[in-house]
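One structure is given below, encoded as structure tokens.
Bear in mind that the values in this text are calculations on the coordinates, not laboratory data. Fair warning: this is a prediction, and the values are worked out from it, not measured in the lab. Glycine also receives a Cβ, built like all others from the backbone with ideal geometry; neighbour counts cover every protein chain displayed.
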Amino acid sequence: MTDTMELEAPARPLGAYTRPKANTGWRDWVTTIDHKKIGILYGAAAMVFFIIGGIEALLIRLQLATPDGTVLGADTYNRVFTMHGVTMVFLVIMPLAAAFANYLLPLQIGARDVAFPRLNALSFWIFLAGAVFLNMSWILGDVPDGGWFAYAPNTGMVFSPGKGMDFYAIGLQITGIASLISAMNLIVTVLNMRAPGMTLFKMPVFTWMILVVQFLLLFAVPVITVALFLLLFDRNFGSNFFNPEMGADPLLWQHLFWIFGHPEVYILILPSFGIISEVIPTFSRKPLFGYPFMVFSGIAIGFMGWGVWAHHMFVSGIGPISVAAFSVSTMFIAVPTGVKILNWLATMWGGRIWFNTPMLFASGVVSMFTIGGLSGVTHSLAPADTQQTDTYYIVAHFHYVIFGGALLGIFAGFYFWWPKVFGHLLSDKLGKWNFWLMLVGFNMTFGPMHILGLQGMSRRIDSYSPGFGFEFWNMFATIGAFIIALGVLTFIVNVVMSARRARHEPPVGLDPWDARSLEWFTPNPTPVHNFDDDIQVEALDEFWHRKYGEDENGKVVRVASAEEVCQDGSATDTHLPSPSYWPVVLAAGLPFVGLGLIYTLWLCVPGAVLILMAIYGWSFEPVDDPDGPHGHHHDHGGDEPVDDGSGATPAEETAEEAPVG
Amino acid sequence: MITKRLHPGWLAALASGAVLALSGCASDAPLDTLEPQGPISRSIDSLSDPIFLVAGIVFVIIFGATAVIWFKFRDDHSTDEFPEQIHGNFRVEIGWTIGPAVIMAVIAVFAVISHFELNSSDRTDIQVAVDGTATSWDPEIVVVGQQWWWEFRYYFDGLDGVDLSDPRNLPPADIVTANQMVIPTGSEIGLSITSRDVIHSFWIPALNGKRDAVPRRVSPWKIEADVPGLYFGQCTEFCGLSHSRMRMQTVAMEPADFQAWVDRQMRPAVEPNRAAAQRGREIFEGQCARCHVVNGVNDDTSRGADLVANAAPNLTHLMSRTTYAGGIFNLYESDGTLNRPQLEAWLRNAPAEKPAYAEGRRGMPAIGLSEGQIDDVVAYLQTLGETPTLDIIAATEVE
């Protein structure tokens, strides 16, 4: 049976058709298909864009610190605020969530990697290609300036005649491909590759939230893909999808954008909800309160999130009946979110809480997201929103939920999982400085924006006149923004110093946090092969239940040490998927195609060549490296897809040679 | 140690409490939404105030619980025992799912009722003398946004039969003015809001919420003031380069004053009799008339403006307004004299005063007038319309 499924391969493979072998150095990182390295790549890239987006934010705040500011002219300001939004949403929060999802999801379900490792690498490189492409606009001089939401007709050729909005549309198309590929990959991974005994309802909440997010991406990204194609066609090929002078309805753009855009905000927040659902129980020393409700509320948010998009359009003129319907649906989506807040508080209640850095960040999420959620409820009332929308009150709201919710959650994740990823802890002392600086700075920056908005300060204005009462809080907010910057700097210092210190300190050892889920079975940092053997899962929080039982009084007693429960990472002969050159080659072709669409179609040619070459090479490269380890196979039931593509069961595979000369 | 002194809950509570408390302090905040000055904005406020209160109560509960958690359940290292491993409580969780849902449902009822009221019209006709003839006017004003100013058109025979489908070619109106919309107090005034180019948003916070101006769509809205005065506004949908500089004001007058205003606005421009003004008029006809209209001078020949939006502010009664250039510059000093330096600067080099895309036909270009010509044009402009009252001028002053 395997013979008929083999491809005819050349007797001596050409150089490009071997699988790369590097496992150190930059070649390793460029050709890796290991989900852990890909997670680290996502995280590192996203942090670079976080700095860029943060500088953009500081420029905004400098401009707005005083009335009639002159730091940035109106044109530059419009580009900076556009890129700040695009960068933070698409190039920071989403890839940071992807970093955690990529690193942890296979570990949390007890798998060796994701279902399609090369596609996983492709997702990262395509994301990076799109992110770089978008930011090339700074150098090439035409930076997008239509706002991150890019409303038509302002972004059409008549009103945005430069190339900026083409960079926007193509850049986001490229990153959208990455999200879609990743969504399919992770869904298949969760559905097919869980450890034996791990039913869906024994998965950690983090894995559940990531799963919901992948479904949201799967259905939402195509909508913005359509919208961006329509915009590109309007701008470049003379179509009139959004041209009211030719009879189009400009609100079409808003509908398409927000049908994507609203699920997008749940895409931004749910991973952080998942992260803190792991952190809070660990440091409260109690299980998560109401696991089924936490899972179902996440699923509910996933469904309900599709029915609220026009709350971004309450004053756009869609008609009172539509507005009423969306107003009511928006009010009700507060319910599953409120359930989560209460469940986290109930988890902490009665606990014995260690307020270390990850717990501080997680607790910060609960508090800050509450504020953001409450202001969101106030906007859900359509009449109130006619005063609030498009003002700084909305800016306050979404920064509380995205920064206070998503970003603080991500930082909780950094501090929590750093030992798992890198084998050493981040300094808790510096971490606390990191947290407090960020928290104080953040509240100083965005708290007053509630006031500014209610006092009538519009959004997206490059300056304001004196005499409107906006001066004090704008200056206050600017100071707060620089305190945030100090907090971020503290994090970077922490990363560097902790790495240096770790070189002459003993490694962190097993299970530093006395945690609950499967990823902590492995040594720290995670060995490249993840697990030595499959883990038979019998309960939610399986790792915890192997370490702890109950005595006759129902009290928790330790029944096994970490050394006894954890694996030792010795199965280094595990058959792993081999690295590949082709994902990065394919991704590299995309910016050329994009630049070609913008400047001259001839540039599309090298891009197309790279893409086609990569697809061809990908299809024909050997299924793995013949010199790689083939010794150790997981003791599984045999229905797990064997990643070398031969379709063979593990027993058969041991006997055969890989099909290369 | 920092963690002992500053607790996240208290810190954020302080910050947020301060926000809520201070948001009531609105001394010199002309765009303040929390100080409604008309019946419509008051009705919105009467819905949002209780909601802010409910939100504040929930906030206090959540932060209170957080504070208790901090003080009561933090590990003080007095024991190594594990707390009770509670996995959940079905009844409690159902309770705090259904409870908030019920609260939201109740809020929804009030919100929906208020919303439909806000979107309904309850206008009564206003008696206006138009050219001496008493007319029953169903008060609706056509509000047109374009980059980066607002136009207001009055049709005293009502809007039935007025074709607004092509905003760049609107039917001739009885009064066409810009930047400042004048309304009589005590009446609900309908607004038909549209745009000639991109999406803008019309907002006079003291009097009502906002409504977007969408090209080729006419959105019904309304406004009402019960106290005479000048109410500030700001375009509130990002519309490009000078979005921040696209402002407007609503001037509310007692009905008798409104009638006087209508009478003056309906007169065409007077012939200038001073030489400078006459020279200025010639410059106007040679240069400015490419875009601007003065009734009695080029209103019958003008086909619009040499701009993408096909319109520029009608200048017939420029002097009766207290702001210009999209409502951002004061036309008068606080003593009622003309604010010459700013007006001259505008005529000298408009793009230097307000960013625009003159070469893309969106915004007033630098016309290249000599200083003498500028003086002449100012002299001519001063003949266009009558100076408003000092209290309106004073109300406009925002530095």
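What the table shows:
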item: Residue (of B:Val297, B:Pro313, B:Pro268) at the positive-pole extreme of chain B, dipole from beta-carbon charges; result: B:Pro313
item: Rounded, prolate or oblate (a/c below 1.5 giving rounded, otherwise prolate when a/b exceeds b/c) for segment A:125-180 by Cα gyration tensor; result: oblate
item: Rounded to whole Hz, the Karplus (6.51, -1.76, 1.60) HN-Hα couplings of segment A:594-609, x for glycine and proline; result: x, 5, x, 5, 8, 9, 8, 4, 4, 5, 5, 5, x, x, 5, 4
item: Dipole magnitude of chain B, debye to nearest 20 (Cβ charges: Lys/Arg +1, Asp/Glu -1, about Cα centre); result: 940
item: Extended-chain gain in nm, criterion 0.36 nm per residue less alpha-carbon gap, A:Phe482 and A:Lys555; result: 21.5 nm
item: Relative exposure of A:Ile341, B:Ile113, B:Ile367, B:Ile62, judged by other C-beta atoms within 10 Å (fewest first); result: B:Ile113, B:Ile367, A:Ile341, B:Ile62
item: Ascending count of other beta-carbon atoms within 10 Å, so fewest first, for B:Thr97, B:Thr133, A:Thr189; result: B:Thr133, B:Thr97, A:Thr189
item: Added length on full extension, which subtracts the Cα-Cα distance from 0.36 nm per residue, B:Arg274 to B:Thr337; result: 20.8 nm
item: Charged-residue dipole, Cβ positions (Lys, Arg, Asp, Glu), the protein assembly as shown about Cα centre, Debye nearest 20; result: 1500
item: Degrees separating the helix B:275-286 axis from the principal Cα axis of chain B, which is the longest one; result: 70
item: Projected label distance in nm at A:Phe201 and B:Glu117, using a 7 Å step from Cα toward the beta-carbon; result: 4.7
item: Shielding of B:103-113 by partner chains, average beta-carbon count, 10 Å; result: 5
item: Centre separation in Å (Cα based) which lies between segment A:576-632 and segment A:389-432; result: 34
item: Gyration tensor (alpha-carbon) shape descriptor, segment B:265-399, a/c threshold 1.5; result: rounded
item: Residue-span extension gain [B:Asp80 to B:Glu254] - 0.36 nm each, minus C-alpha spacing; result: 55.0 nm
item: Simple spin-label estimate for A:Gln536 and A:Val609 in nanometres, 7 Å along Cα-Cβ; result: 5.8
item: Local electrostatic count at B:Ile44 - Lys and Arg +1, Asp and Glu -1, tallied over other residues with Cβ under 14 Å; result: -3
item: Protection proxy ranking, peptides A:226-235, B:253-262, average beta carbon neighbours within 10 Å, highest first; result: A:226-235, B:253-262
item: Dipole in debye (nearest 20) - segment A:514-619, about Cα centre, beta carbon charges: Lys, Arg +1; Asp, Glu -1; result: 840
item: Long-range HN-HN contacts of A:Thr391 with modeled amide H, under 5 Å; result: A:Arg459
item: Distance-filtered residues of segment B:110-154 - backbone nitrogen under 20 Å, label point 7 angstrom along B:Arg264 Cα→Cβ; result: B:128-133, B:151-154
item: Inter-part distance where segment B:172-202 and segment A:231-256 are each reduced to a Cα centre, Å; result: 27
item: Label-point gap, in nm, between A:Ser239 and B:Glu397 - each point 7 angstrom along Cα→Cβ; result: 5.6
item: Under 26 Å from the Cα of B:Lys210 - lysines, other chains or at least 8 residues apart; result: B:Lys222, B:Lys354
item: Number of partner chain Cβ atoms within 10 Å, mean per residue of A:468-481; result: 2
item: Lys/Arg +1, Asp/Glu -1 at C-beta; the protein assembly as shown dipole; positive extreme among A:Pro222, B:Ser78, A:Thr207; result: B:Ser78
item: Chain A, helix-only ellipticity at 222 nm - DSSP H runs n ≥ 4, -39,500 (n - 2.57), divided by all residues, nearest 500; result: -20500 deg cm²/dmol
item: Separation of alpha-carbon centers, segment A:119-168 and segment B:324-346, rounded to whole Å; result: 40
item: In sequence order, calculated HN-Hα J values of segment A:194-202 (Karplus, 6.51, -1.76, 1.60; Hz; x Gly/Pro); result: 6, 4, x, x, 8, 6, 4, 7, 10
item: Three-way shape call for segment B:256-344 based on the alpha-carbon gyration tensor, with the a/c threshold at 1.5; result: rounded
item: Mean separation of Cα contacts under 8 Å, 6 or more apart, over the residue count of segment A:40-191: relative contact order %; result: 29
item: Set of aspartates and glutamates with alpha-carbon distance to A:Lys21 below 12 Å, sequence-local pairs under 8 removed; result: A:Asp624, A:Asp625, A:Asp627
item: For A:457-466, mean number of other protein chain Cβ atoms within 10 Å; result: 6
item: Calculated FRET value between A:Asp68 and A:Trp602, using beta carbons and R₀ = 45 Å, to 0.05; result: 0.45
item: Whole-Hz couplings from phi, Karplus 6.51/-1.76/1.60, listed for segment B:116-123; x for Gly and Pro; result: 5, 5, 4, 9, 10, 10, 9, 8
item: Percent antiparallel among DSSP beta bridges (both partners in the protein assembly as shown, rounded to 5); result: 75
item: Charge context of A:Val205, other residues only, Cβ under 13 angstrom, K/R +1, D/E -1; result: +1
item: Förster radius 45 Å - calculated FRET efficiency between A:Glu563 and A:Ile299, Cβ distance, rounded to 0.05; result: 0.75
item: Per-residue Cβ neighbour rank within 10 angstrom, fewest leading, B:His317, A:His35; result: B:His317, A:His35
